[in-house]
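Structure, as structure tokens:
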Amino acid sequence: MEIKVIVGDIAHIEADAIVVNLFEGVPQPGGATAAVDKALDGAISSLISRGEIKGKFGEVNIVHTFGKPLQVGAGIVAIAGLGKSQDFNTDKIRGVAGEFCRALRKLNCHKIATILHGAGIGGIEPEVSAQAIAEGALLGLYSFNKYKKPEYEDVEEMLIVVREAGKIPILEPAIRKGSVAAEATNLARDMINEPANYMTPSQMAKAAEEIANKYKLEFQVFDSEDMEAMGMGALLGVAKGSSQPPKLITLSYKGDERSEKALGFLGKGITFDSGGISIKPSEGMAEMKDDMAGAAAVMTALVAIARLKPQINATAIIPATENLPSGTALKPGDILKAMNGKTIEVINTDAEGRLILADALSYAQRLGLSPLIDLATLTGACCVALGTLYGGLFSNDQDLVDKVLKAAERTGERMWQMPMPEEYKQQLKSEIADVKNIGDKYGGAITAALFLAEFVDNTPWVHIDIAGPANSNKESGYILKGATGIGVRTLIELASSEAKNQEAT
Ligand code: BES
Ligand code: ZN
Ligand code: ZN
């Protein structure tokens, strides 16, 4: 879908549908909604007084004009509910855009025109609203069509209609930034939704190579022999059960040639997690094709960064393998030697994400990347702790936490800082190795983070456990069923805000 900003009067735009809005509990619409109401001889206000249009968040009411009265150019007027004005924020705009775009796609609209939601009495800056509309619309219209025909035709064009031409120079780059971020997120969704028989570690490496060629990124892939040479016994241990060869993939963006520094983004790339010999129950196992959501997020964040060109360097590192049981598989009780020399007693082969990340973290430090951010669908315990809306954030550096949380907040990706108490570290003590790979019954997301910390020296590092929000089982706002692409926009935002030419992106 193409998104353009134009100057005009929304009531007289040629489009299949025009979109105005209403806050909940407002009896008489104002601004552009009032102007459209007037053009419709008060149809909107009378539907409000009859209680049909309530302005509830996410509701989209449709008024068909059938060309009469003639003042309204579009045959369809959509009134998007913004919810209660006291609850309004930028993320609500994304949600509203997702909802009205889907509602209008169902009505076969190919060209829609909308006002800038929230920029009037909502108190949101026009460019923030424009970016959020672009993001919400593109994310909300996503569907995974590779193996099934789409239910509806595409919305081809969205016009954002403003009254003053003077705003256009600030709105256009905002729309571009929102579109680039949403397209990267949708690319991550495509990779995550792909079934594990198609998205193998080799396929991930191929996808990364294609990305590198298209966006001029540096690309490297290591196979098991290279891993052997580098001493990556933890990653190799997990890969042992599978006949698909493991890959360690890196993608690098150089936006600041004069600096040696580079951000390090690490993503868990388990293309299928059966649990291995500690096999998972079959119920819900199919969902474990998304155990590479962290990998997809770091890869596609680099795509957006390459397109937005912030003055900063960033490298994505992806350890990719399947976790399967077989005659050659890793067994409970086995001991692995990680790249940093530490020995790990594997108590449970289903705690494999931390094993592959252990070696990836060592490798990232060998490359001198700093700070490090890893994204991983790491523990069911994190879903228990925070539910499916929040990623759990763990770190050794509070300044970095504050930056990441601020970036997340701007994108609407919800993350919550979790503690890493020293006392729980003893749960990882092994009688016969340096550490074991699981802790006791409770606090599993924390002991997983403490395990990862064993493989981080002094580099500032944040671990984000996205096991809860990586996937959604319902459609709402700009989130669809299936992969959400969580983390992509936070990483883009972090790279932009840390860049030297911050305002340029
Ligand atoms: N990939 C899973 C975590 C997961 C669970 C992601 C549910 C998404 C939804 C991870 O590899 C795993 O299996 N973790 C185990 C750890 C346990 C054995 C200590 C878990 O959470 O049960
Ligand atoms: Zn597992
Ligand atoms: Zn896993």
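The values are calculated or read from the model by the stated rules, or taken from the named source; none is laboratory data. Keep in mind the model is a prediction, meaning the values are calculated, not measured. Glycine gets a Cβ as well: all are built from the backbone with ideal geometry, and neighbour counts include every protein chain shown.
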Q: Check every one of the helices (runs of 4 or more DSSP H) wholly within the range 9-110 and list those with 2 or more residues that are under 35 Å from the mean Cα position of the chain (by Cα).
A: 31-39, 90-106
Q) Does Gly233 fit the bill of being within 16 Å of ligand 1 (Cβ to nearest atom), in the same structural domain as Thr300 (by TED's automatic domain parsing) and in contact with a Leu (Cβ under 8 Å, 6 or more places away or on another chain)? A) no
Q: Could you tell me which residue of the range 368-386 is nearest to ligand 3 (Cβ to nearest atom), considering only residues that are over 18 Å from Leu400 (Cβ atoms) and among the aliphatic types (A, V, I, L, M)?
A: Leu378
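Let's see how each residue does on (1) farther than 25 Å from Pro371 by Cα; (2) outside any loop (DSSP other than H, G, I, E, B); (3) aromatic (Phe, Trp, Tyr):
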site: Val238; (1), (2), (3): yes, yes, no
site: Asp256; (1), (2), (3): no, no, no
site: Ile277; (1), (2), (3): yes, no, no
site: Lys280; (1), (2), (3): yes, no, no
site: Glu283; (1), (2), (3): yes, no, no
site: Met288; (1), (2), (3): yes, yes, no
site: Ala296; (1), (2), (3): no, yes, no
Q) Residues in the range 479-505 that are within 16 Å of Glu409 (Cα to Cα) and assigned to a loop (DSSP other than H, G, I, E, B): how many? A) 3
Q: Being charged (D, E, K, R) and outside the structural domain of Thr349 (by TED's automatic domain parsing) narrows it down to one of Arg189, Arg258, so name that one.
A: Arg189
Q | Single match in Asn396, Asn458, Asn348 (criterion: surrounded by fewer than 23 Cβ atoms within 10 Å (Cβ to Cβ) and under 27 Å from Ala483 (Cβ atoms)) | A | Asn348
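One line per residue, one yes/no per condition, for (1) buried (at least 24 other Cβ atoms within 10 Å of the Cβ); (2) farther than 20 Å from Lys280 by Cβ; (3) touching a Leu at 6+ places or on another chain (Cβ under 6 Å):
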position: Ala293; (1), (2), (3): yes, no, no
position: Ala296; (1), (2), (3): yes, yes, no
position: Ala304; (1), (2), (3): yes, yes, no
position: Lys309; (1), (2), (3): no, yes, no
position: Ile317; (1), (2), (3): yes, yes, yes
position: Pro325; (1), (2), (3): no, no, no
position: Leu336; (1), (2), (3): no, yes, no
position: Ile356; (1), (2), (3): yes, no, yes
**Q.** Residue tally, condition part of a helix (DSSP H, G or I), touching a Leu at 6+ places or on another chain (Cβ under 8 Å) and away from ligand 3 (no atom under 16 Å from the Cβ), over the range 430-452
**A.** 1
Q) Scanning the range 359-389 for residues that are surrounded by 23 or more Cβ atoms within 10 Å (Cβ to Cβ), of a type in the set (A, V, I, L, M, F, W, C) and more than 13 Å from ligand 1 (Cβ to nearest atom), which turns out farthest from Gly267 (Cα to Cα)? A) Leu369
Q. From the residues in the range 249-276 that are away from ligand 2 (no atom under 15 Å from the Cβ) and of a type in the set (A, V, I, L, M, F, W, C), which one is farthest from Val238 (Cα to Cα)?
A. Ala262
Q: Being within 17 Å of Ala184 (Cα to Cα) and out of contact with any strand residue (DSSP E or B) (no Cβ under 6 Å at 6 or more places or on another chain) is the filter here, so list the residues in the range 260-316 that pass it.
A: Ala293, Ala296, Thr300, Ala301, Val303, Ala304, Arg307, Leu308, Lys309, Pro310
**Q.** Breaking point among (1) farther than 30 Å from Ala495 by Cβ; (2) more than 16 Å from ligand 3 (Cβ to nearest atom), for Ala301
**A.** (1)
Q) Regarding Thr343, is this residue among the hydroxyl-bearing types (Ser, Thr, Tyr), away from ligand 1 (no atom under 15 Å from the Cβ) and surrounded by 21 or more Cβ atoms within 10 Å (Cβ to Cβ)? A) no
Q | Among the residues listed as His64, His12, the single one being assigned by TED's automatic domain parsing to the domain that holds Gly166, touching a residue at least 40 places away in the same chain (Cβ under 8 Å) and farther than 19 Å from Ile121 by Cβ | A | His12
Q: Considering every residue within the range 409-418, establish whether at least one is assigned by TED's automatic domain parsing to the domain that holds Gly477, over 21 Å from Ala132 (Cα atoms) and free of Cβ contacts under 8 Å to residues at least 24 places away in the same chain.
A: no
Q: Might you check whether a residue that is exposed (fewer than 12 other Cβ atoms within 10 Å of the Cβ), without any contact (Cβ under 8 Å) to a residue 40 or more places away in the chain and on the phi > 0 side of the Ramachandran plot occurs anywhere in the range 28-41?
A: no
Q | Scan of the range 299-333 for residues that are among the charged types (D, E, K, R) and either on the phi < 0 side of the Ramachandran plot or within 15 Å of ligand 2 (Cβ to nearest atom) (or both), ordered by number | A | Arg307, Glu322, Lys331
